[in-house]
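Here, each number is a calculation from the coordinates, and none is a lab measurement. All of these numbers come straight from a predicted model, not from anything done at the bench. Cβ placement follows ideal geometry from the backbone for every residue including glycine, while neighbour counts extend to all protein chains displayed.
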Amino acid sequence: WVAQHLPDALYVPSGSTAAAAAALSGAPQEPSATGAEGAVVGSGERTAYDAAVCAPVAASNQGLTVLADGIEDRTGAVTRFVLVSRAGVVPEPTGADKTTVVLFQREDHPGGLLSFLEQFATRGINLSRIESRPTGERLGDYCFSIDCEGHVADERVGEALMGLRRVCAQVRFLGSYGRADLAPATVAADTTDDAFIEARDWLGMLRRPLP
């Protein structure tokens with residue numbers, strides 16, 4: 001919408017659409033001019049910005065004038081809200097689940113992220129989201145927030161978490177939960193629960209002392 005109607009606009013990133021509206025109004029907030037939803041608004045006052053993209057409620061809260069509304073992408077974009085609370089009972093597997101973890105590196109080095117991803121890849125686990133964030137402790141320290149298909153009760157996911165426990169400085173398990181779209185994971189024949197259990201039983205047989 002902006003490219004079509006305001007092709008010469010200069011984009012300035014914002015921490016949030018509410019911050020964009022506040023910056024446009026001149027309120028003491030993070031400087032910004034763009035957001036991701038709802039409406040293009042103007043302040044009528046002389047500030048560093050001419051307009052902002054924000055939710056209508058943000059425009060109302062800041063006393064801004066709505067110049068155009070309904071500009072958001074209506075092709076299926078959604079906002080996901082996550083409730084993070086203290087550890088509790090993990091929901092039972094539904095057959096269409098996701099698991100979320102946050103992984104911390106021991107140190108920044110070439111191949112560090114690859115060693116994390118290999119734990120999923122070798123067990124046939126698909127990742128649906130991966131984001132990196134600085135830890136704030138020192139330059140070059142990052143953590144990775146990851147959503148993967150499957151439930152902690154699944155053999156392949158459990159083994160991946162054990163592998164991550166070995167190679168990561170810290171693994172924060174944020175939970176396993178049913179997917180909103182109810183789409184079951186595609187599981188290859190060699191990564192089913194039965195395949196992992198059979199392989200574990202075989203190893204146990206090899207480790208048994210000879211009679």
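Within segment 182-211, being farther than 22 Å from Thr122 by Cα and without any contact (Cβ under 8 Å) to a residue 12 or more places away in the chain holds for Met205, Leu206, Arg207, Arg208, Pro209, Leu210, Pro211.
Restricting the search to segment 71-106, which residues are exposed (fewer than 10 other Cβ atoms within 10 Å of the Cβ) and of a type in the set (D, E, K, R)?
Of the residues in segment 71-106, the ones exposed (fewer than 10 other Cβ atoms within 10 Å of the Cβ) are 73-89.
Result: Asp73, Arg74, Arg80, Arg86.
Looking only at residues in segment 161-211 that are in a loop (DSSP other than H, G, I, E, B) and in contact with a Phe, Trp or Tyr (Cβ under 7 Å, 6 or more places away or on another chain), the one that is surrounded by the fewest Cβ atoms within 10 Å (Cβ to Cβ) is Ala169.
Could you please let me know if Thr135 is closer than 27 Å to Val187 by Cβ and either loosely packed, with under 13 Cβ neighbours inside 10 Å or not small (Gly, Ala, Ser) (or both)? Against the criterion (closer than 27 Å to Val187 by Cβ and either loosely packed, with under 13 Cβ neighbours inside 10 Å or not small (Gly, Ala, Ser) (or both)), Thr135 does not qualify.
Taking the numbered list (1) without any contact (Cβ under 8 Å) to a residue 40 or more places away in the chain; (2) among the hydrophobic types (A, V, I, L, M, F, W, C); (3) crowded, with 16+ Cβ neighbours inside 10 Å in turn, Val157 passes all entries but (1).
Among the residues of segment 107-128, those identified as part of a loop (DSSP other than H, G, I, E, B) and surrounded by fewer than 12 Cβ atoms within 10 Å (Cβ to Cβ) are Glu107, His109, Pro110, Gly111.
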